[in-house]
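Everything below concerns the one structure shown next.
Just so it is clear, none of the values below were taken in a lab; they were calculated from the coordinates. Please read these numbers as outputs of a predicted model, since none were measured by experiment. Because the Cβ atoms are built from the backbone with ideal geometry, glycine has one as well, and the counts that use them run over all protein chains shown.
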Amino acid sequence: MNIAILSRNARLYSTRRLVEAAEQRGHSARVLDTLRCHMCINAQRPTILYQGEDLTGFDAVIPRIGASVTFYGIAVLRQFEMMGVFPANKSESINRSRDKLGALQRLACTGIGLPMTGFAHAPADAQDLIGMVGGPPVIIKLLEGSQGIGVMLAETKQAASSVVEAFMGLKANIMVQEFVKETRGADIRCFVIGGKVVAGMLRQGREGEFRSNLHRGGYATQIEVTAQESAIAVRAARIMGLNIAGVDILRSERGPLVVEVNSSPGLQGIEEAAGMDVAGLIIEFLEKNVKPPRNVILSRFKSVVLANISRA
């Protein structure tokens, strides 16, 4: 199997591990800089060129698309799909999960527990926005942020109002969420592959930090995910249409609350915490789902027929 990995940096842990896992299982893997791929869009023969080379012959593509290149990355992935290449995660599903507000609305429609969330446009509505999520302290999130960047904790009503009004004045899209005090800066990452939670970890923010992101200095430990948490994580990934996802959950007094469904979850934290070859499980998922091209199927069928004739 020939596997393309869309990644801006071949040296990143997750990218390296996917290459290693593919090669260990007898496949070839090639890292492609997403922004160096350019496309010829037509009905007869859609193609992707990479530094002048026609990219054909790939059986599967694993998208590791960063938030800052979402628009272009999804276009490249969609082009691979048009060429008949199997995507580990579909372009439509990634696009759905990257829309943070839309993702929460989709999850809410299915009854999945979420932190109370408010969204508004006018600065004059800032007070109502803060009140509808239970008042301070509140979490204020930029919709375009990632890895904990653009996430703030406002501990008083005045501070919350000032931050909300400032961002709205800059035309930045934000949402306001309740602060779930009992989590004490911790959340659970459930790693879902092919409709199953394969590993879980508890992420704990460093002292004095309410964000649990590992990129912000948090740390991870292995944890046994409950049956309820596992079921919710699988449902959340399915609602987004993701085969591979990191589902972040808060353990609240009223039950599990989904914070985010990540379409490109990092591998280092979960592999080190759980002591598992998660990259290998991703490659195994591709092995089970990538169908050989029609000409290969016909060739195999022809071989079987000829073998039966010769035996007769």
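Below are the figures for this structure:
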{"read-out": "P(r) histogram, all alpha-carbon pairs of segment 182-287 included - 10 Å bins from 0, percent", "value": "16, 50, 29, 4, 0"}
{"read-out": "Separation in nanometres of the label points that stand 7 Å from Cα toward Cβ, at R45 and N2", "value": "1.5"}
{"read-out": "Length added when fully stretched, E53-T156, from 0.36 nm per residue minus Cα-Cα", "value": "31.4 nm"}
{"read-out": "Karplus (6.51, -1.76, 1.60) ³J(HN,Hα), θ = phi - 60°, over segment 236-248, in Hz, Gly and Pro reported as x", "value": "5, 5, 5, 5, 6, x, 9, 7, 10, 7, x, 9, 9"}
{"read-out": "Contact order relative to length of segment 182-287, as percent, for alpha carbon pairs under 8 angstrom and 6 or more apart", "value": "29"}
{"read-out": "Hydrodynamic radius of the chain per Kirkwood, over alpha carbon pairs, in Å", "value": "21.2"}
{"read-out": "Rounded to 10°, Cα long-axis angle of helix 294-311 versus longest principal axis of the chain", "value": "40"}
{"read-out": "Cut-off 12 Å between beta-carbons: net charge of the residues surrounding V69, Lys and Arg +1, Asp and Glu -1", "value": "+3"}
{"read-out": "Whole-number percent relative contact order across the chain, with pairs defined as alpha carbons under 8 Å at least 6 apart", "value": "16"}
{"read-out": "Residues of type lysines that K288 reaches as a straight line, Cα spacing below 16 Å, ignoring anything fewer than 8 places off in the same chain", "value": "K196"}
{"read-out": "Segment 2-97, relative contact order in percent, only Cα pairs under 8 angstrom and at least six apart counted", "value": "28"}
{"read-out": "Neighbour-count ranking [beta-carbon atoms within 10 angstrom, fewest first] of I41, I94, I282", "value": "I41, I94, I282"}
{"read-out": "Positive-pole candidate from I65, G118, I223, dipole of the chain, charges at beta carbon", "value": "I65"}
{"read-out": "Descending principal axes extents, segment 116-179, alpha-carbon based, whole Å", "value": "26, 22, 18"}
{"read-out": "Estimated FRET transfer efficiency (Y13, Q127; beta-carbon r; R0 45 Å; 0.05)", "value": "0.55"}
{"read-out": "Translational diffusion coefficient (Stokes-Einstein; Kirkwood radius from C-alpha pairs) of segment 1-154 at 10 °C, 1.306 mPa s, in µm²/s", "value": "88"}
{"read-out": "Pairwise label distance in nanometres, E182 with E165, each label 7 Å out on the Cα-Cβ vector", "value": "3.5"}
{"read-out": "Local electrostatic count at S161 - Lys and Arg +1, Asp and Glu -1, tallied over other residues with Cβ under 15 Å", "value": "-3"}
{"read-out": "Within the chain, helix-based [θ] at 222 nm, where runs of 4 or more DSSP H residues each add -39,500 (n - 2.57), nearest 500", "value": "-11000 deg cm²/dmol"}
{"read-out": "Translational D in µm²/s for segment 74-120 (Stokes-Einstein at 10 °C, 1.306 mPa s, Kirkwood Rh from C-alpha pairs)", "value": "128"}
{"read-out": "Cβ-based exposure ranking for C109, C190, in which fewest neighbours within 10 Å come first", "value": "C109, C190"}
{"read-out": "Sequence of M175, M116 once ranked by neighbouring C-beta atoms within 10 Å, starting from the fewest", "value": "M116, M175"}
{"read-out": "Inter-label distance for E287 and S28, nm, one decimal - labels placed 7 Å from Cα along Cα-to-Cβ", "value": "1.9"}
